[in-house]
Structures are given as structure tokens and as C-alpha cells.
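Just so it is clear, none of the values below were taken in a lab; they were calculated from the coordinates. This one's a predicted model, so the numbers in the text were calculated from it and none came from an experiment. With ideal geometry, Cβ positions are generated from the backbone for all residues, glycine too; neighbour counts draw on all protein chains shown.
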Amino acid sequence: MKDPNPKIRLHGFNNLTKSLSFNIFDISYAKTEQHRKEYIEYIDELYNAERLTEILTNVTKIVGANVLNVAREDYEPQGASVTMLIAEHESPPTDPDFDEEAPGPLPDTIVAHLDKSHVTVHTYPESHPDNGISTFRVDVDVSTCGVISPLRALNYLIHSFDSDIVTIDYRVRGMTRDVDGTKHYIDHDINSIQNFLTEDTQNAYQMIDVNVYQENIFHTKMLLKDFDIENYLFGAGSDEFNADELEDIKARLRKEMLEIFYSRNME
């Protein structure tokens, strides 16, 4: 019986480059100037370079790679970056479904350099001086060569941050050859980035796909469905505002989230 999903037998090395890039946004409301200052300090402490290095080290383990080099920096007045260079393990992953279209592990299961691969993260905390909206953005890039896939790190990364809006881009570039000399421009099946997310994550977010299959480009945007005002007030509780103030804050927060999600300003 013919194998419905035969493995590609390559001539030499797998030269495909798989790149996963995504932005995570966390939105909050800080009432006073002091609250806004404390918000920036809180984010800077929570996601400092040391913590980001730990997150990216776990990402490297999840995708099946080794860390070769780490560069990291805490910036003034705010923000941090980590970069890692990584390399594939000497032996391939033992998981038989390593390259199948399925969710990767969750958290319970920096810039670093890998051999021909890398992982980077940059943070951008900021607060609007007039309307109290405070936004924390995280940019993450995972680029790998060979059989290892950055898509396995999706669930872990989304659950490592408070993610209100997530924008994800995945693309495969280059080509590799099989033993017959035929070129292959992708070495795994993928219909949607959403298929690499757990069911609870899919249910928690409104999601939109924009995919260009013939170019091996996949794009997914995610907006958190649940909106509890208590989760968005920094330094104060809802009992410190009257009903009209709460409605105004909710409108500002939702406007901020929708503008980021749709990438356009709204009246």
C-alpha cells in the first residue's frame, strides 16, 4: 500500500528557511500620570532581558534546536531586546509528528544565535499622555533552516504574554532537492496558521486569515473575544469610576484594539 504522506528523501541538506514573525499587543488603561509611569516600570520589570532570554531559550527547546550565542539588552528609558543564534540538534527530533500541521506545546509542557537560524524578541511599552491608553507591544521572530519548524513555538509564545491582539506571519523561502533532483519549495503541509493553535486558543480569539498559498505566505490576525473591564484597568478598580467614566474607558480601549487589529484609524 502506498504511503499517503511519503517523506521527502533529500539530496544533501534541507536548505529551506522557515520564518515566523508576530506582534503581540497588550492594552491597558492607566488613569493618572503616576499610574502610567508605574505601568511602564511594571512592564519593564516583568519582561526584562533576563525573562525574555528564558522565554526564547524555551522556544529553542520546543523547536528542537541548540543555543549557540545570546545577545541581550535592557534599554533606557524602557524596552528590552534579546537575540539568539541557534542550531539544529545533532539528531532529528524523536516526535514522529514533528512536522505535521498540529499545535505545539504550551508553557507547562532574546536575541540568540543558532547555526543558520535565529530567534529575536523586542519589547515596546508606551503610554498615551492624554487619554490614559497604555500599550505593550512584543515583536518576535523565529527563523529556522532545515527540518525544525518555528510553528511549534506558537502556543508557548502566545501564552507567555498577555495577548489581546496577535498578528502572525509565516513564510517558507528557498528550495531544497530530493534524490531525483526535483526542487521542493516547502517540505510540510500547511493550510492555515490557525491549525497550529490549540482549540482553547482558537475559541478565545476572533481570527482572520490572508494566505497566498502559491507563494508559501501565511498571515493570521487574532483579537481576544472576552472583554472584562477589570482586566484592563491598571492601578485602579472599576469601583473608582462612575458608570459614564467606565463606558468612556471601554470605548477608548475597544477603539485602540480594533484600530490595531484592522491596521487603520477609526472615527
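Coupling constants for region 164-178 follow from the phi torsions by the Karplus curve (6.51 cos²θ - 1.76 cosθ + 1.60, θ = phi - 60°), and in residue order they are 8, 10, 10, 10, 10, 10, 10, 8, 10, 10, x, 7, 9, 10, 8 Hz; glycine and proline get x. Pairs of C-alpha atoms in region 207-267 farther apart than 18 Å represent 51 percent of all such pairs. Charge tally for K221 (other residues, Cβ to Cβ under 14 Å; Lys, Arg +1; Asp, Glu -1): -2. Amide H contacts of K31: F234, each under 5 Å away and 5 or more positions distant or on a separate chain (H built 1.01 Å from N in the peptide plane; Pro and chain starts excluded).
Residue-wise HN-Hα couplings along region 226-243, as the Karplus relation 6.51 cos²θ - 1.76 cosθ + 1.60 with θ = phi - 60° gives them from phi, are 6, 9, 10, 4, 4, 7, 10, 9, 9, x, 7, x, 5, 6, 8, 10, 7, 4 Hz; Gly and Pro carry x.
Give the distance, in whole Å, between the Cα centre of region 154-187 and the Cα centre of region 13-59. Here the answer is 21 Å between Cα centres. Annotation: peptides 150-162, 68-80, 43-55, ranked by per-residue average of other Cβ atoms within 10 Å with the highest first, follow the order 150-162, 43-55, 68-80.
Checking a compactness column here: for region 149-267, what do you get for Rg(Cα) / (2.2 N^0.38 Å), N being the number of residues? Walk me through the intermediate numbers first.
On the way: Rg = 19.5 Å, N = 119, 2.2 N^0.38 = 13.5 Å.
Region 149-267 yields a ratio of 1.44.
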